[in-house]
Amino acid sequence: MQGAMRVTRPWALELEYTQVMMACLLMRDENRFPRNILLIGLGAGSLTKFLYRHCPLAHLTVVEIDARLVDVASEHFGLPDDPVRLKMVIGDGVDYMMASDQTFDLILVDGFNEHAHPGDLNTLPFYRACLSRLSEPGLLVVNLIGLSHGVKGGFAHIESAFEDRTLMFPKCKSGNTIAFASTAGVINISLDELKAKSIVFEQRTGLALLPILTRLELMETNAA
């Protein structure tokens, strides 16, 4: 489990990769997005708490395979107890995705086993199931870590499922690489627009995404 919390700032995101995952909130109209969120993997509950606090109109569903992590997050990491807005499901993320008929505006995948491997969460059938469970225009955000064939192999599954409507951010210092995928059109919001929105976002949430966007700009410049 990757997780960290400062007692004085229990709602803040301390790990860089979780901060990068929240760049998804810059890619859509914040007045309407998101309303229904699915998180595969709870960990210490950092992403869940951040979204619960800063997306007050959203309903969250969290699927976690290990019930002990839910207890730990509740007892030691301040996981909210709100059955109206926050639904906890103990089960396998792949099984849930294949069986569910519910749709979500935003799906975040941050699940892996004790060997830091995502297993069946990183397969083409799973990502196709994610696509079928997303509303229009929905977003998928995936933490690519611990892939035996490398990040590019995992990202290729996402590209195939979403027909290249994808974006991959630079690798974090921790080794995590975050991928984004969209149901409708390419993710073509400009970096200038993302930067402008990040300033407003920081004022509202306290999370500074501008340094992360600067790294993305450098990556794209070097690739050009």
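The values are calculated or read from the model by the stated rules, or taken from the named source; none is laboratory data. Everything numeric here is computed off the predicted structure, so don't read it as measured data. Cβ coordinates were reconstructed from backbone atoms using ideal geometry, including for glycine residues, and neighbour counts include every protein chain displayed.
For segment 20-31, state whether one or more residues are touching a helix residue (DSSP H, G or I) at 6+ places or on another chain (Cβ under 7 Å) and among the charged types (D, E, K, R).
no
Working carefully through the options Leu13, Leu47, find the one that is modelled with pLDDT of 95 or more and within 13 Å of the chain's Cα centre (by Cα).
The match here is Leu47.
Within segment 181-192, does at least one residue satisfy the condition of being part of a helix (DSSP H, G or I), without any contact (Cβ under 8 Å) to a residue 24 or more places away in the chain and hydrophobic (A, V, I, L, M, F, W, C)?
Within segment 181-192, none of the residues are part of a helix (DSSP H, G or I), without any contact (Cβ under 8 Å) to a residue 24 or more places away in the chain and hydrophobic (A, V, I, L, M, F, W, C).
Counting just the residues of segment 121-147 that are part of a strand (DSSP E or B) and not aliphatic (A, V, I, L, M), which one comes out surrounded by the most Cβ atoms within 10 Å (Cβ to Cβ)?
Asn143
Which number in (1) modelled with pLDDT under 90; (2) within 15 Å of the chain's Cα centre (by Cα) marks the one condition that Val7 misses?
(2)
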